[in-house]
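The values are calculated or read from the model by the stated rules, or taken from the named source; none is laboratory data. All of these numbers come straight from a predicted model, not from anything done at the bench. Every residue, glycine among them, receives a Cβ derived from its backbone with ideal geometry; neighbour counts consider all protein chains shown. Please note that ligands, DNA and RNA were not included when accessible areas were found on the heavy atoms of the full protein model with its side chains. Shrake-Rupley method; radii C 1.70, N 1.55, O 1.52, S 1.80 Å.
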Amino acid sequence: MVTFTQCEQEAAEIVRERLRDGELRNWIESASSTWDIEHAVFLQRVKTVIAIGLFNSHHTAEAAEEPVPHPAQTALDALREADAVGLFGVLPADLGQSADVVKWLQLLSTGLTARSAIMWERLIQSARIILDVQLVLPQEGQPLPTADDPPLPSAG
Amino acid sequence: MSKFFRVGLTVTGAMAGVLSLGTATAVADPAPPGTYTVHEHRKATVNATECYLFANPVNYSGSTIVGTGGWTSCVGSPVACTSHVTLTIYLTPGWVAAGNQGETTACPPPLRSAPSTVTNCKIQPTNYSYRVHTIGSFVESSGGATSTDANGTTKNIPCL
């Protein structure tokens, strides 16, 4: 059984490895600056979100009695597809020293206030960006990557 | 009649069934699921006085997103009018305030408009849906009061 502390160590290793990519490092630094959040604190919170994703992927694999071939990819899938209730629901009671941070993140994820909903979205989106090795980051000043008008659903 | 006087266009999302089953994801997909209503202009009436509240489409440039709304015009003479304008973002499971709150405290004419702005957003690889939500109320000369709200059209923007 994988512990949450092991997932945190795994998350720290993934983040350390991924931030060797200068473009990604610059994106995360400028994002925390744009959002006026201290970079080190922001990165620490993002690592915890990634650890939550990793724990979810390990938990799913253990339930299916199958190994996790690509932990980062399965954590990304979990952070993309699972709702917040499910993400936090599988966490163990013993979260070690991260218990308070995880509790704070869980509160954010409920979207209790507009501010907390946006902060949670920024954290989880940054975690997805770090985990997604295929992603091409958008550049400031470049043309928008997609059309800006929404495809309105059909009536009925 | 101007195209902006489109009142009460109801749009039902293809994902409405999914939403009703309570399986909404934590991901902010561009097009918000479910049923939502666009009131670019919306009429509020009390006794013989009627006023039109508006919520404009969202403007986006660089790292700034701006939405405006307020009171357009009245038939009759209201004695007091207020409106509150908020730029909102769709984050599952709903719309939350993203911009500061704009406010108008005078009656039309002329048109009364206030902005709500997000000044620091970061370009993202995925789109987020933004729209303007305006709430307005007015009092007419015999003391009758009413209020209404209007939602502008949704704009998908790759900025958070």
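So between A:A63 and A:V136, what do we pick up on full extension, going 0.36 nm a residue minus the alpha carbon distance? Could you put the intermediate results ahead of the total?
Values: separation 73, 0.36 × 73 = 26.28 nm, distance 3.33 nm.
Difference between extended and current length: 22.9 nm.
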| Exposure ranking of A:D100, A:D21, A:D36, A:D132 by accessible area [1.4 Å probe, largest first] | A:D36, A:D100, A:D21, A:D132
| message | Of the candidates A:L137, A:L107, A:L76, which one comes out as most mobile in a Gaussian network treatment of chain A with C-alpha springs shorter than 10 Å? | response | A:L137
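Rounded to whole Å and sorted largest first, what semi-axes of the equivalent ellipsoid does the C-alpha gyration tensor of segment B:53-160 yield via the square root of 5 times each eigenvalue?
On the way: eigenvalues 179, 30, 18 Å².
Semi-axes from the Cα gyration tensor: 30, 12, 10 Å.
What does the structure give for B:68-81 when I average, per residue, the other chain Cβ atoms found within 10 Å of the residue Cβ?
Values: counts 0, 0, 0, 0, 0, 0, 0, 0, 0, 0, 0, 0, 0, 0.
That works out to 0 on average.
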| field | Estimated FRET transfer efficiency when R0 is 45 angstrom, pair B:A145-A:R115 (beta carbons, to 0.05) | value | 0.90
| remark: PRE zone check, label point 7 Å out along Cα-to-Cβ of B:S63, amide N under 19 Å, scope segment A:1-39, hits A:23-39
| query | Which whole-angstrom value gives the distance between the alpha carbon centres of segment B:63-81 and segment B:121-160? | reply | 11
| B:V79: accessible area at probe 1.4 Å, nearest 10 Å²? | 100
| Most mobile of A:A31, A:A51, A:A75 per a Gaussian network model of chain A (Cα springs, under 10 Å)? | A:A31
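Taking the Cβ of B:T146 as the centre, find all other residues whose Cβ is under 13 Å away and add up their charges (Lys, Arg: +1; Asp, Glu: -1). Working shown, then result.
Values: positive: B:R42, B:K43; negative: B:E50, B:E140, B:D149.
In short, -1.
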| request: Assuming 1.002 mPa s and 20 °C, estimate D for segment A:33-75 with Stokes-Einstein, Rh taken as the Kirkwood radius over Cα pairs, in µm²/s. | output: 184
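For segment B:44-92, what D do you get in µm² per second when you plug the Kirkwood radius from alpha-carbon pairs into Stokes-Einstein at 10 °C and 1.306 mPa s? Working shown, then result.
Numbers: Rh = 13.0 Å.
D, rounded to a whole number, is 122 µm²/s.
Using only atoms on other chains, find how many Cβ atoms lie within 10 Å of each Cβ of peptide B:114-121 and report the average. Display every interim value, and only then the final one.
Numbers: counts 0, 0, 0, 0, 1, 1, 4, 4.
The mean count of partner-chain Cβ atoms within 10 Å per residue comes to 1.
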| task | Compare B:T119, A:T3 by solvent-accessible area with a 1.4 Å probe and give them largest first, with all protein chains kept in place. | result | B:T119, A:T3
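Just check segment B:113-160 against the gyration tensor rule for me: Cα atoms, a ≥ b ≥ c as the square roots of the eigenvalues, rounded for a/c under 1.5, and otherwise prolate or oblate depending on whether a/b exceeds b/c. Please list the in-between numbers first.
On the way: a/c = 6.26, a/b = 3.15, b/c = 1.99.
Note, shape of segment B:113-160 comes out prolate.
Averaged across the residues of A:114-123, what count of C-beta atoms belonging to other chains lies within 10 Å of each residue's C-beta? Mind dumping the intermediate values first?
Numbers: counts 9, 3, 1, 10, 9, 0, 2, 10, 4, 0.
Per residue, the average neighbour count from other chains is 5.
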| note | Expected field for A:R18, accessible surface area in Å² at 1.4 Å probe radius, rounded to 10, holds 40
| remark: Quick P(r) readout (chain A; Cα-Cα; 10 Å bins; whole %) gives 10, 38, 34, 14, 4, 0
